[in-house]
Amino acid sequence: MPLSKRGHKKGLIEMKIGVIGIGITKFGEVWGEGLRELLLDAQLRALNDAKITPKQIDSLYTGNMTGGILSGQLHIGAMAAENLNLDKPSIRVEAACASGSLAIRQSIEAIESGAADIVMASGVEKMTDVSVEQVTTALMGAGDEELEGFHGLTFPGLYALLANAYMNNYKLTREILAEVSVKNHFHGARNSYAQFQNEINIDTVLNSTMVADPLTLFDCSPITDGAASIILASEKTAKKLGAEVYITGSGLATDALSLARRDSLLEIKAGRLAAASAYKQAGITPKDIDFAEVHDCFSIAEIYAVEALGLAKQGEGWKLYKEKQTYCDADSPVNTSGGLKACGHPVAATGIKQAVEAVTQLRGAGAKRQVKGAEIGVTHNVGGSGATATVHVFRKMK
Ligand code: COA
């Protein structure tokens with residue numbers, strides 16, 4: 001059994017899917033590009049990175065959540081193929097904010113089944129052309145309409161309920177919670193495609209407008225336009241094309257749509273279950289992980305995420321932030337892209353962006369936010385308030 005850089009024995013790897021290309025647009029308020037152009041931009045960048053032609057792609061999976069509601073555009077699967085002048089199988093997938101990582105998961109399954117050899121997974125969202133009220137209503141489609149949306153709950157409200165539950169049970173203070181956003185803005189300031197590229201401090205978070213008590217403006221991810229694509233291939237083809245990074249584990253789990261029907265508000269169970277199955281497939285334990293890209297739609301969500309991934313015990317994730325352990329040059333780097341908070345959150349593009357960041361780190365191309373010597377990275381993407389969660393393990397193999 002090989003030893004990881006941290007000296008742990010890694011188990012047998014059950015699966016290897018090569019990453020042959022990545023592409024991402026600038027995240028933010030993108031005035032000059034609509035849904036179609038954003039998607040095309042990311043697709044072309046990934047093809048350029050992979051150095052393959054569109055015709056070499058066997059099928060496409062594209063994540064999109066709000067196109068039908070905010071842009072009046074459904075049928076994104078056909079659009080993704082049309083963009084590349086292809087008539088191949090092309091499917092839109094949706095699991096709210098986890099739609100992007102679901103596209104990756106579906107692409108892996110297509111390759112593993114033998115139905116396809118090279119697959120493009122993308123995520124795209126155009127969210128800034130309408131009012132914040134319209135976006136808030138559209139996003140609430142990811143919750144439980146009957147038990148939550150109908151009664152006026154919003155996503156900031158749902159995560160505020162989680163924050164209050166956690167803070168009432170564990171020793172997380174308001175100041176330590178703010179450290180999550182401070183660290184994410186620090187990384188965002190070192191990422192050229194991030195929506196916010198400015199550093200902030202604890203006072204910025206504490207003194208910003210209250211959105212849903214205890215969450216202020218700077219505890220929230222913003223509303224964002226953006227797209228990202230990744231091209232995956234079977235191990236054999238990826239080796240031929242010189243891939244450096246492979247996906248060695250994929251976990252997907254679900255839970256009740258509403259917070260009211262969950263077993264506990266003190267963990268996001270689907271994240272823990274997805275991590276367990278991805279780690280088993282990849283033959284790793286949390287100690288082997290060099291960095292993680294996690295779903296911090298609100299600051300409190302990042303603390304739930306590090307606990308779901310086993311980077312800290314339940315109720316102790318906040319300690320990593322108190323001790324400033326999650327910076328790119330510290331022991332447990334988290335969200336080197338800037339996370340959803342600073343990089344932005346075009347909901348269905350987020351899961352692919354996390355993969356793009358993981359591959360960038362493992363290629364050693366993270367520049368000022370590079371995690372030195374990174375070999376294994378994990379992505380963690382959540383739909384709704386935890387009803388869907390996916391975890392993928394990325395590994396450098398060259
Ligand atoms: N963090 C930091 N700054 C933000 C921000 C954020 N999350 N959201 C907006 N801003 C800034 C804008 O850049 C703008 O700055 P400027 O005046 O210097 O240009 C200013 O705040 C006002 O922007 P506006 O778009 O009017 O904000 P808003 O008050 O209408 O919306 C939120 C703020 C928090 C309500 C909105 O970003 C939101 O709903 N976020 C959560 C999205 C969400 O739920 N996603 C799904 C999660 S599962």
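What does the accessible area per residue of segment 1-135 come to in Å², with a 1.4 Å probe and no ligands, DNA or RNA counted? Walk me through the numbers before you get to the answer.
On the way: 6050 Å² over 135 residues.
That works out to 45 Å² for each residue.
Quick one: which residues, 5+ away or cross-chain, put their amide H under 5 Å from the amide H of residue 337? H built at 1.01 Å from N.
Residues meeting the amide H criterion: none.
Can you pull the semi-axes for segment 178-247, root of five times each eigenvalue of the Cα gyration tensor, sorted largest first, whole Å? All intermediate terms of the calculation are to be shown ahead of the outcome.
On the way: eigenvalues 277, 33, 24 Å².
Those come to 37, 13, 11 Å.
Quick check on the chain: helices-only [θ] at 222 nm, where DSSP H runs of length 4 and up contribute -39,500 (n - 2.57) each and the sum goes over total residues. Nearest 500, please.
Working: 13 runs with 138 residues, N = 398.
Theoretical 222 nm ellipticity from helices: -10500 deg cm²/dmol.
Hey, what's segment 214-256 come to in accessible area per residue, 1.4 Å probe, Å²? Please list the in-between numbers first.
Values: 1290 Å² over 43 residues.
Normalised by residue count, the accessible surface of segment 214-256 is 30 Å².
Where the convex hull is taken over the Cα atoms of segment 49-164, what is its projected area averaged over directions, in nm²? Don't skip to the answer; put the middle values down first.
Details: hull surface 37.5 nm².
Approximately 9.4 nm², given one-decimal rounding.
Check residue 345: other-chain or 5+ apart residues with amide H under 5 Å from its amide H, H built from backbone geometry?
So residue 345 has HN proximity to 224.
Per residue, what volume in Å³ does the Cα convex hull of segment 27-94 take up? Walk me through the numbers before you get to the answer.
On the way: hull volume 6.4 nm³, N = 68.
Roughly 94 Å³ of hull volume per residue.
In terms of modelled amide H atoms, which long-range or inter-chain residues lie less than 5 Å from the amide H of residue 117?
HN-HN under 5 Å from residue 117: 58.
Decide, for segment 97-199, between rounded, prolate and oblate: order the square roots of the alpha carbon gyration tensor eigenvalues as a ≥ b ≥ c, take rounded if a/c falls under 1.5, and otherwise choose prolate if a/b is larger than b/c, else oblate. Could the numbers behind the result be given before it?
Values: a/c = 1.72, a/b = 1.36, b/c = 1.26.
Verdict is prolate for segment 97-199.
Could you name the lysines whose alpha carbon sits less than 22 Å from that of residue 319, not counting residues in the same chain fewer than 8 places away?
Straight-line reach from residue 319, under 22 Å: 171, 183, 269, 287, 341.
Translational diffusion coefficient, Stokes-Einstein: compute it for segment 336-398 using the Kirkwood radius over C-alpha pairs as Rh, at 4 °C and 1.567 mPa s, and state it as an integer in µm² s⁻¹.
Diffusion coefficient, whole number: 105 µm²/s.
Rounded if a/c is under 1.5, else prolate if a/b beats b/c, else oblate: with a ≥ b ≥ c from the C-alpha gyration tensor eigenvalues square-rooted, which is segment 220-261? Don't skip to the answer; put the middle values down first.
Details: a/c = 4.35, a/b = 1.76, b/c = 2.47.
Oblate, since a/c reaches 1.5 and b/c is not below a/b.
On the accessible surface of the chain, probed at 1.4 Å, how many percent belong to carbon and sulfur atoms? Walk me through the numbers before you get to the answer.
Working: 7800 of 15140 Å².
Carbon with sulfur: 52 percent of the solvent-accessible area.
Please report, to one decimal in angstroms, the Kirkwood hydrodynamic radius of segment 239-319 built from all distinct Cα-Cα pairs. It would help to have the intermediate numbers written out before the result.
Numbers: mean 1/r = 0.0716 Å⁻¹.
Averaging 1/r across every pair of different Cα atoms and inverting gives 14.0 Å.
Ordered by residue, what ³J(HN,Hα) values in Hz, to whole numbers, does segment 142-150 give under the Karplus form 6.51 cos²θ - 1.76 cosθ + 1.60, where θ = phi - 60° and Gly and Pro are x?
Working through the residues one at a time gives 7, x, 9, 4, 5, 8, 10, x, 4 Hz.
For every other residue with a beta carbon closer than 14 angstrom to the beta carbon of residue 51, add +1 if it is Lys or Arg and -1 if Asp or Glu, then tell me the sum.
Details: positive: 45, 55, 240; negative: 49, 244.
Result for the local shell: +1.
Pop out the ³J(HN,Hα) list for segment 383-388 in order, Karplus 6.51 cos²θ - 1.76 cosθ + 1.60 with θ = phi - 60°, rounded to Hz; leave Gly and Pro as x.
3J(HN,Hα) across segment 383-388, in whole Hz: x, x, 8, x, 6, 10.
Viscosity 1.002 mPa s, temperature 20 °C: Stokes-Einstein D of the chain from its Kirkwood Cα radius, in µm² per second? Please list the in-between numbers first.
Details: Rh = 20.4 Å.
My calculation gives 105 µm²/s for D.
The values are calculated or read from the model by the stated rules, or taken from the named source; none is laboratory data. What you see is a predicted model, and the numbers here were worked out from it, not measured in a lab. Every residue, glycine among them, receives a Cβ derived from its backbone with ideal geometry; neighbour counts consider all protein chains shown. Calculation scope for accessible area: heavy atoms of the full protein, side chains included, ligands and nucleic acids excluded. Shrake-Rupley method; radii C 1.70, N 1.55, O 1.52, S 1.80 Å.
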